[in-house]
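The values are calculated or read from the model by the stated rules, or taken from the named source; none is laboratory data. What you see is a predicted model, and the numbers here were worked out from it, not measured in a lab. In this analysis, Cβ positions are derived from the backbone assuming ideal geometry, glycine residues included, and neighbour counts consider all displayed protein chains. All accessible areas refer to the heavy atoms of the entire protein, side chains included, with ligands and DNA or RNA removed. Shrake-Rupley method; radii C 1.70, N 1.55, O 1.52, S 1.80 Å.
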Amino acid sequence: MSSILNYKYIVAEDESLIRRNLVKKIASLNLPFTLAGEASNGEEAILLMEEHFPDLVITDIRMPPPDGLELAQYIQKNHPGTRTILLSGYSDFAYALSALRCGVMDYLLKPVTLEALSGSLHKILITMAAESDELDSYRSSNSRLDQRSICELLETYLQENYQQEISFQELGEKFGFTPEYLGKLFKKHTGETPSKYLTRLRMNEAKRLLLNNPDMEIQKVGELVGYRDGFYFSRTFKSHTGIQPSEFRHQGQRGR
């Protein structure tokens, strides 16, 4: 049985009146967005992220730490499939530039008008509907990059390509290093190996897909996060979470 696709979102804003008005405006637009939760600071927003795995986060840029930019950085690093809209009371180019670097989809000035909000949400709906699995071409002169830059480049590559089958042997060749050296370098600067980081990205996105797409087959979820073998995906998911994907979905539905 088919169902209308609906996207979950959370709002992070320390001023409750602004937060409630924003939620009301979104509801009035009759778009396929469902409120998953509200946060008054970045810490609460992160907890909601890990509980609901939303498709969209709308956050104020200035609020109790972590602020909106730090939250956007967290989302980009840990939940690359989630879109972000930043709200600000300041028309500041430096803020907007920082937001773009954090992977933010849009930057809206407060007070947010219904027209601006509608345009931003429609743009995000179009983007999510038009997503493709096309691989970006990575070309770099690694000899001129320092170790941290190489790790950041690898991190970005994994964030943008986790849906694909990734061979760390081929990845090492792409970056001009042995997989062993690249792995040690990455762990030195991030605290985890590239394979563990990739698995974490995939599992976070799998959780989001499982909770937000109840009719999607488990094997399809696995394929969308880079696992062509459904059994291997389920085994990896259980190893990472302690339960099967179907059980995770069932528990999420019971908690609603």
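Of everything in segment 199-236, what is farther than 18 Å from Gly252 by Cβ and not aromatic (Phe, Trp, Tyr)? Give them in sequence order.
Hits for segment 199-236 are Thr199, Arg200, Leu201, Gln219, Glu223, Gly226, Arg228, Asp229, Gly230, Arg235, Thr236.
Hey, can you tell me all the residues within segment 168-192 that are assigned to a helix (DSSP H, G or I) and among the acidic types (Asp, Glu)?
Matches in segment 168-192: Glu170, Glu173, Glu180.
Out of (1) small (Gly, Ala, Ser); (2) in a helix (DSSP H, G or I); (3) touching a helix residue (DSSP H, G or I) at 6+ places or on another chain (Cβ under 6 Å), the odd one out for Ser195 is which?
Among (1) small (Gly, Ala, Ser); (2) in a helix (DSSP H, G or I); (3) touching a helix residue (DSSP H, G or I) at 6+ places or on another chain (Cβ under 6 Å), the lone unmet condition for Ser195 is (3).
For every residue, the table says whether it meets (1) closer than 29 Å to Gln251 by Cα; (2) more than 17 Å from the chain's Cα centre (by Cα); (3) surrounded by fewer than 23 Cβ atoms within 10 Å (Cβ to Cβ).
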position: Lys25; (1), (2), (3): no, yes, yes
position: Leu47; (1), (2), (3): yes, no, yes
position: Pro65; (1), (2), (3): no, yes, yes
position: Gly68; (1), (2), (3): no, no, no
position: Leu71; (1), (2), (3): yes, no, no
position: Thr84; (1), (2), (3): yes, no, no
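So Leu31 fits all but one of (1) assigned to a loop (DSSP other than H, G, I, E, B); (2) touching a strand residue (DSSP E or B) at 6+ places or on another chain (Cβ under 6 Å); what number is the exception?
The number of the failed condition is (2).
Inside segment 233-256, can you point out the residues that are open to solvent by 30 Å² or more (accessible area, probe 1.4 Å) and among the hydroxyl-bearing types (Ser, Thr, Tyr)?
Ser239, Thr241, Ser246
What about Arg254, is it of a type in the set (Lys, Arg) and in contact with a Leu (Cβ under 9 Å, 6 or more places away or on another chain)?
Here the answer is no, as Arg254 does not meet what is asked.
Going through segment 32-45 one residue at a time, which ones are touching a residue at least 40 places away in the same chain (Cβ under 8 Å) and surrounded by fewer than 17 Cβ atoms within 10 Å (Cβ to Cβ)?
Passing the criteria: only Pro32.
Considering only residues that are assigned to a loop (DSSP other than H, G, I, E, B) and either open to solvent by 20 Å² or more (accessible area, probe 1.4 Å) or farther than 21 Å from His52 by Cβ (or both), which ones fall in segment 202-227?
Asn213, Pro214, Asp215, Met216, Glu217, Gly226, Tyr227 - these are the residues of segment 202-227 that are assigned to a loop (DSSP other than H, G, I, E, B) and either open to solvent by 20 Å² or more (accessible area, probe 1.4 Å) or farther than 21 Å from His52 by Cβ (or both).
Which residue pairs have Cβ atoms closer than 8 Å, lie 6 or more positions apart in sequence or on different chains, and pair a first residue in segment 61-82 that is outside any helix (DSSP H, G or I) with a second residue that is among the β-branched types (Val, Ile, Thr) and crowded, with 18+ Cβ neighbours inside 10 Å?
Close Cβ pairs (under 8 Å, with a partner that is among the β-branched types (Val, Ile, Thr) and crowded, with 18+ Cβ neighbours inside 10 Å) amount to Pro66/Ile46; Asp67/Ile61; Thr82/Val57; Thr82/Ile75.
Can you pull out every residue in segment 81-126 that is of a type in the set (Asp, Glu) and modelled with pLDDT of 85 or more?
Asp106, Glu115, listed by residue number.
Among the residues of segment 150-183, write down those that are within 16 Å of Cys102 (Cα to Cα) and open to solvent by 40 Å² or more (accessible area, probe 1.4 Å).
Scanning segment 150-183 gives Glu152, Leu153, Thr156, Glu160.
When you scan segment 104-128, how many residues do you find that are open to solvent by 50 Å² or more (accessible area, probe 1.4 Å), of a type in the set (Asp, Glu) and farther than 16 Å from Lys25 by Cα?
0
Which condition does Gln76 not pass, out of (1) closer than 18 Å to Ala45 by Cβ; (2) open to solvent by 60 Å² or more (accessible area, probe 1.4 Å); (3) at pLDDT below 85, if it passes all the others?
Evaluating Gln76 over (1) closer than 18 Å to Ala45 by Cβ; (2) open to solvent by 60 Å² or more (accessible area, probe 1.4 Å); (3) at pLDDT below 85 leaves (3) as the failure.
Please work out which one of (1) open to solvent by less than 60 Å² (accessible area, probe 1.4 Å); (2) under 23 Å from Tyr74 (Cα atoms); (3) out of contact with any strand residue (DSSP E or B) (no Cβ under 6 Å at 6 or more places or on another chain); (4) not β-branched (Val, Ile, Thr) is the condition Gly230 fails and give its number.
For Gly230, the failing item is (2).
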